[in-house]
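Chemist: One structure is given below, represented as structure tokens, and several questions about it will come after.
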Amino acid sequence: MPTQASGAADGPAGAATNESTPVAGTAGAAPTPTPRRDEAGAAPDADADSGPYRVTVLDLGRFTVAAVTVIAALVGLVLGIRAEQRAGADERRTDATEQREKESREKSYADLVDFYRTDSGVIVVNGSSRVMDMRLTLPASRLTWDLDLQRPCKQVDIPNRELLDSMAGKQPSVRLTEADLAQLRLEFKDPAGRVWIRSSGGPLARLDTWRPSRLPNRADIVNSEKWNARAEDAPQCGAS
């Protein structure tokens, strides 16, 4: 009896001992993970194996097309600029030509009027085929001597002495000498109403206004003057 009780007690005790003590290497332990390796191995580096880049015929073609396009654009730009410059130059030449033609038409009568001094007198020429209103002036003294309407295709030779005598008769207060006559100018109005001035043998110039002749300091020189009676034919007479 005592022997059986002891054996029964031993059984459960042994079982408890077996359950609480783990055994190393048994199936219940977690497996240690191992690194996975790609079965195909590492991918090859294409850039490393391809070597230096080589220019192909296709690349050359693309470059050539781009270069030709750029050159064509530059050529077109240059040609366009030159065309504009030529057009501008042509327009300026046309404007200049038209201006010269306009001036030539305006001066067609005035160019046929001449005035120059000699040692002995003053010669006034109306080479135009139209009547011209003319007068002699001394700008420094602001004196005017009206020559009235000078006949077409005629010229008058006014001796210095006769001109001074006429001036003295019309303006007794005016004292002039032949030396003062060196400053004489001829003013005249053409048939279109344009006013011109010419110095002795000098260039033709335009005047803005034609001052009325009836001024206090004006000495009338009318057609009754002796030099008008001696008018001669002008050497030139062309404008009509």
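Chemist: Might you check whether a residue that is of a type in the set (S, T, N, Q), touching a helix residue (DSSP H, G or I) at 6+ places or on another chain (Cβ under 8 Å) and either under 23 Å from ARG211 (Cβ atoms) or not in a strand (DSSP E or B) (or both) occurs anywhere in the stretch 177-186?
Modeler: Checked against the condition, which is being of a type in the set (S, T, N, Q), touching a helix residue (DSSP H, G or I) at 6+ places or on another chain (Cβ under 8 Å) and either under 23 Å from ARG211 (Cβ atoms) or not in a strand (DSSP E or B) (or both), the stretch 177-186 yields at least one hit.
This table checks each residue for (1) at pLDDT below 85; (2) closer than 30 Å to SER104 by Cα.
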| site | (1), (2) |
| --- | --- |
| ALA140 | yes, no |
| LEU143 | yes, no |
| PRO172 | yes, no |
| GLU187 | no, yes |
| LEU204 | no, yes |
| GLN236 | yes, yes |
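Chemist: Can you confirm whether the stretch 142-153 contains a residue that is on the phi > 0 side of the Ramachandran plot, open to solvent by 60 Å² or more (accessible area, probe 1.4 Å), in contact (Cβ under 8 Å) with a residue 60 or more places away in the chain and not aromatic (Phe, Trp, Tyr)?
Modeler: For the stretch 142-153, residues on the phi > 0 side of the Ramachandran plot, open to solvent by 60 Å² or more (accessible area, probe 1.4 Å), in contact (Cβ under 8 Å) with a residue 60 or more places away in the chain and not aromatic (Phe, Trp, Tyr): present.
Chemist: Is it true that THR64 is assigned to a helix (DSSP H, G or I), modelled with pLDDT of 75 or more, more than 30 Å from LEU184 (Cβ to Cβ) and not aliphatic (A, V, I, L, M)?
Modeler: Here the answer is yes, as THR64 does meet what is asked.
Chemist: Read through the list (1) in contact (Cβ under 8 Å) with a residue 24 or more places away in the chain; (2) more than 42 Å from the chain's Cα centre (by Cα), then give the number of the only condition that PRO172 fails.
Modeler: Looking at each condition in turn, PRO172 falls short on (1).
Chemist: Next question. Restricting attention to the stretch 165-208, which residues are open to solvent by 40 Å² or more (accessible area, probe 1.4 Å) and charged (D, E, K, R)?
Modeler: Residues satisfying the conditions are ASP165, LYS170, ARG175, GLU178, ASP180, ARG185, LYS189, ARG194, ARG206, ASP208.
Chemist: Going through ARG194, ARG214 one at a time, which residue ends up being of a type outside the set (Val, Ile, Thr) and modelled with pLDDT of 90 or more? Outline the logic, then answer.
Modeler: Values: ARG214 fails: modelled with pLDDT of 90 or more.
After ruling out the rest, the residue left standing is ARG194.
Chemist: Could we say that ASP59 is more than 30 Å from LEU147 (Cα to Cα), modelled with pLDDT under 90 and among the charged types (D, E, K, R) here?
Modeler: Values: more than 30 Å from LEU147 (Cα to Cα): yes; modelled with pLDDT under 90: yes; among the charged types (D, E, K, R): yes.
When the stated conditions are applied, ASP59 passes them.
Chemist: Looking at the stretch 217-232, which of its residues are at pLDDT 70 or above, in contact with a strand residue (DSSP E or B) (Cβ under 8 Å, 6 or more places away or on another chain) and either within 22 Å of TYR109 (Cβ to Cβ) or open to solvent by 50 Å² or more (accessible area, probe 1.4 Å) (or both)?
Modeler: Once the filter is applied, which keeps residues that are at pLDDT 70 or above, in contact with a strand residue (DSSP E or B) (Cβ under 8 Å, 6 or more places away or on another chain) and either within 22 Å of TYR109 (Cβ to Cβ) or open to solvent by 50 Å² or more (accessible area, probe 1.4 Å) (or both), the stretch 217-232 yields ASN228, ARG230, ALA231, GLU232.
Chemist: Tell me the residue from ARG198, ARG135 that is under 16 Å from TYR116 (Cβ atoms), of a type in the set (Lys, Arg) and part of a strand (DSSP E or B), please.
Modeler: ARG198 is the lone residue from the list that is under 16 Å from TYR116 (Cβ atoms), of a type in the set (Lys, Arg) and part of a strand (DSSP E or B).
The values are calculated or read from the model by the stated rules, or taken from the named source; none is laboratory data. In this text the structure is predicted, and so the values were computed from the model without any measurement. Counting neighbours? That spans all protein chains shown, and the Cβs are built from the backbone with ideal geometry, glycine included. Side chains included, ligands, DNA and RNA excluded: accessible areas come from the protein's heavy atoms. Shrake-Rupley method; radii C 1.70, N 1.55, O 1.52, S 1.80 Å.
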